[in-house]
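Since every read-out is calculated from the coordinates, none of them should be taken as a lab result. Computed from a predicted structure; not experimentally measured. Every residue, glycine as well, gets a Cβ built from its backbone with ideal geometry; the counts of neighbours run over all protein chains shown.
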Number of protein chains: 2
Amino acid sequence: MDAIRFDMPLEEALTTQRAVRRLKPDPVDDALVLRLVELALKAPTGSNAQSWEWVVVKDRAVKAQLARRNRQAWSIYGWLGRRATRGDAKMQRLLDAVQWQAEHFEEVPVVVVACLRGVRPVFPPVAATSYYGSIFPSVQNLLLAARAAGLGAALITLPLWSTFSVRRILGLPWNVTPCAVIPLGWPVGKYGPTTRRPVGDVVSLDRYGNKPWKGRAAAGIA
Amino acid sequence: MDAIRFDMPLEEALTTQRAVRRLKPDPVDDALVLRLVELALKAPTGSNAQSWEWVVVKDRAVKAQLARRNRQAWSIYGWLGRRATRGDAKMQRLLDAVQWQAEHFEEVPVVVVACLRGVRPVFPPVAATSYYGSIFPSVQNLLLAARAAGLGAALITLPLWSTFSVRRILGLPWNVTPCAVIPLGWPVGKYGPTTRRPVGDVVSLDRYGNKPWKGRAAAGIA
């Protein structure tokens, strides 16, 4: 197999990455999946510990068990979400895609589960943020690399509502925590730009609430 | 000011991004910093809530207060780290850089603090991972964009050891949690490739511990 390259300009990858949930059942090459994880490993980790573990799930029986957990969480979350966003067409479309994913989870060709070794601290807050800060930068690398490769991907956590159950399904030891699930496959639809509030609305200068750039995009700031 | 572009190929940005801690005191344009945050906002968030808040610290007095918190944590962490890695030249060099940063924190031109609105759940684990999973993908976008712009950056959490204190310094409300600190500036040294274990060592297939690609890089898998 030829070397896989990800030559898309960074800005294009960043600005067109989005959750792609409707995926074809067509297989994805192992080498491509491994390369995505390899690029994920380039992300920073606290104290450079690199204490991650990645489980690539292709076996349909294992996917079916994760799918069941996902549907259980979706049956509550989806109902709440539909109610809370009634009349919001954009959010209803997002929930349609999440529902599609829940219904077709077993058919997704590859499901990547990103895990962390080591005890998950709940206190102080800085310990928890350092812990999760050692896995989500790498998950984002994986999502960006998937986008550049034209693979559909999304970051989800619903299947993890019972870490006890997911540990049993994947054979994870007690001290390995599943943190994120990324279903991967060739997309039915396509990637495209996302919409966000103006950056000036969420940026304070020096002190929270001091928003000199309110309502403005970066391009408008000289 | 001309539009700032980040045309570096994604693969180059991913593979050469690393913590750059020795920074020049030279100023960094506000427009560039805002564009980095704007690209950070393109990352996914749980339920697309986008409940982040970013504080860009340029005021020397505020930086000095964060610097003090950072040095307090470093005085313990650095001592432990030096002891634990005695004889490991690579880790000692890493700690040298962290120490340099602790000593020069006030001189860093821009310190970005990434925060999340909403109550930080400690249980169940899936709630905590969804929470932090809504800020660290965006932090990674910011680090990659900084790399493409040639700006030095690093993801640190030491200054946050007392969230109480950081809330007071930055005027954050009780329900806004500081999650990550990113000192930004033009680098004294340069970016370069990082080393990682072979991807096959950290990837299991279908079940934890089943490692068919052990010892292999993605390039060796057909």
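A few comments on the model shown:
- Taking a ≥ b ≥ c as the square roots of the Cα gyration tensor eigenvalues, the range A:74-171 comes out prolate, since a/c reaches at least 1.5 and a/b is larger than b/c.
- Distance from the C-alpha centroid of the range A:179-222 to that of the range B:85-99: 36 Å, rounded to the whole angstrom.
- Structural descriptor for the range B:97-179: relative contact order 39 percent, calculated from alpha carbon pairs under 8 angstrom and at least 6 residues apart.
- Proximal lysines to B:LYS90, defined as alpha-carbon separation beneath 18 angstrom and excluding residues fewer than eight positions away on the same chain: A:LYS42, B:LYS190
- Choice from B:LYS24, B:LYS90, B:LYS58 showing the highest fluctuation, given a GNM over chain B with Cα pairs closer than 10 Å: B:LYS90
- Residue among A:PRO124, A:PRO178, A:PRO109 with the largest mean-square fluctuation in a Gaussian network model of chain A, springs linking Cα atoms under 10 Å: A:PRO124
- Sparse-neighbourhood loop sites, GluC sites (Glu not before Pro) in the range A:1-66 - DSSP loop, at most 10 other Cβ within 10 angstrom: none
- Each other copy holds its own label point for A:PRO173; taking that point as 7 Å from Cα along Cα to Cβ, the gaps run 4.4 nm, nearest first.
- Cα gyration tensor shape of the range A:128-222, rounded if a/c is under 1.5, else prolate or oblate by comparing a/b with b/c: oblate
- Residues B:ILE169, B:ILE76 arranged by fewest to most Cβ contacts within 10 Å: B:ILE76, B:ILE169
- Likely footprinting exposure, A:ARG71, B:ARG21, fewest C-beta neighbours within 10 Å first: A:ARG71, B:ARG21
- Anisotropy class of the range A:171-212 from Cα gyration tensor, a/c 1.5 cut: oblate
- The alpha carbon centroids of the range B:1-62 and the range A:126-160 are separated by 18 Å.
- Partner chain coverage, peptide A:11-19 - average Cβ within 10 angstrom: 6
- Karplus-derived 3J(HN,Hα) values for the range A:42-53, using 6.51 cos²θ - 1.76 cosθ + 1.60 with θ = phi - 60°, are 6, 6, x, 9, x, 6, 6, 6, 6, 8, 9, 9 Hz; glycine and proline are entered as x.
- Label point of B:TRP79 (7 Å along Cα→beta-carbon): distances to the other copies' equivalent points are 5.5 nm, sorted ascending.
- Efficiency of FRET between A:ARG71 and B:SER75 - r from beta-carbon atoms, R0 35 angstrom, step 0.05: 0.10
- Counts of other chain beta carbons within 10 angstrom of each beta carbon in peptide A:191-203 average 4.
- Each eigenvalue of the Cα gyration tensor of chain B, multiplied by 5 and square-rooted, gives one semi-axis; in descending order these are 28, 23, 21 Å.
- The H on the amide N of A:VAL112, modeled in the peptide plane, is under 5 Å from the matching H of A:VAL57, A:ILE182, A:LEU184, each at least 5 residues off or on a different chain.
- Comparing A:VAL139, A:VAL110, A:VAL56 in a Gaussian network model of chain A, where Cα atoms under 10 Å apart are tied by springs, the biggest mean-square fluctuation is seen for A:VAL56.
- Placing a label point 7 Å from Cα along the Cα-to-Cβ direction at A:TRP186 gives distances to the equivalent points in the other copies of 4.8 nm, listed shortest first.
- For the range B:16-190, the relative contact order is 41 percent, taking Cα pairs closer than 8 Å that sit 6 or more residues apart in sequence and dividing their mean separation by the residue count.
- Under a 5 Å amide H cut-off, with hydrogens placed 1.01 Å from N, B:ALA43 pairs with nothing among residues at least 5 apart or on other chains.
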